[in-house]
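A short worksheet on the structure shown next.
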Amino acid sequence: MAYTSSKYSAEFGLRILNNIQVFLEASTETALAEIDASLHNFVEYRTPTPITLNFPALFVSSASQQLEQSDDDAYIKSNIEIYVDIAIDGVDAYTLQRSILKYTLAVDRVLRTMAISDLIGATTNMVTEPVWEVTEHQFGILRQNDTIYRTDSRIILNVQLLER
């Protein structure tokens with residue numbers, strides 16, 4: 001039997017990764033200003049944070065996708081884990097530690113306030129509405145390069161989809 005595209009139209013993480021990226025780029029500046037008006041908006045969104053040279057930086061990536069197909073082939077359930085990585089730099093380690101918490105809080109708030117349409121866009125292959133939640137904040141070690149300090153954080157976002 002040959003491949004046919006009519007059986008399933010599930011897109012799994014492909015659909016949501018781009019939508020999350022677009023939503024964060026459009027929304028983080030407002031969230032940062034609400035927490036602390038002195039925080040700068042992200043200047044880098046397209047370079048993975050371990051290799052970025054521009055700060056503050058934010059990078060969205062797909063971490064994993066666990067899939068479960070229904071016995072009757074009517075749907076595919078997916079649990080998608082997304083990483084949202086943040087990197088900042090500064091000259092004062094004390095202030096930097098507090099700033100990474102503020103940046104992480106702002107991005108967390110943005111992710112929690114996404115609407116369904118922000119997450120999945122216009123779609124017809126969904127069986128039910130998606131469910132998502134931030135499940136973890138991870139913080140990296142403080143690093144120093146001459147007189148500049150750098151620190152990172154990672155927000156883990158889990159999204160559950162039921163698609164045809």
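The values are calculated or read from the model by the stated rules, or taken from the named source; none is laboratory data. The shown structure was predicted, so the numbers you read here are calculated from the model rather than taken from an experiment. Cβ sites come from the backbone with ideal geometry, for glycine too, and all protein chains shown count toward neighbours. With ligands, DNA and RNA removed, areas are computed over all heavy atoms of the protein, side chains included. Shrake-Rupley method; radii C 1.70, N 1.55, O 1.52, S 1.80 Å.
Structure notes:
- Some residue of the range 109-116 being hydrophobic (A, V, I, L, M, F, W, C), surrounded by 14 or more Cβ atoms within 10 Å (Cβ to Cβ), in contact (Cβ under 8 Å) with a residue 40 or more places away in the chain and assigned to a strand (DSSP E or B): no
- Subset of the range 128-149 [open to solvent by 60 Å² or more (accessible area, probe 1.4 Å) and of a type outside the set (S, T, N, Q)]: Glu129, Val131, Glu133, Glu136, His137, Phe139, Ile141, Leu142, Arg143, Asp146, Ile148
- Asp92 being within 21 Å of Ile141 (Cα to Cα), at pLDDT below 95 and open to solvent by 30 Å² or more (accessible area, probe 1.4 Å): yes
- If you check Ile76, Ile156 for being touching a strand residue (DSSP E or B) at 6+ places or on another chain (Cβ under 9 Å), of a type in the set (A, V, I, L, M) and at pLDDT 95 or above, only one passes: Ile156.
- Residue list for the range 33-75, restricted to those being farther than 21 Å from Thr151 by Cα and either part of a loop (DSSP other than H, G, I, E, B) or aromatic (Phe, Trp, Tyr) (or both): Ser70, Asp71, Asp72, Asp73, Ala74, Tyr75
- Selected residue [open to solvent by less than 80 Å² (accessible area, probe 1.4 Å) and in contact with a Leu (Cβ under 8 Å, 6 or more places away or on another chain)] from Leu157, Leu161: Leu157
- Qualifying residue in the range 87-100 (condition: in contact with a strand residue (DSSP E or B) (Cβ under 6 Å, 6 or more places away or on another chain) and among the aromatic types (Phe, Trp, Tyr)): no
- Residues (open to solvent by less than 60 Å² (accessible area, probe 1.4 Å) and at pLDDT 80 or above) located in the range 1-14: Phe12, Gly13
- Screening Ala74, Ala87 for residues that are surrounded by 19 or more Cβ atoms within 10 Å (Cβ to Cβ) and of a type in the set (Gly, Ala, Ser) leaves exactly one candidate, Ala87.
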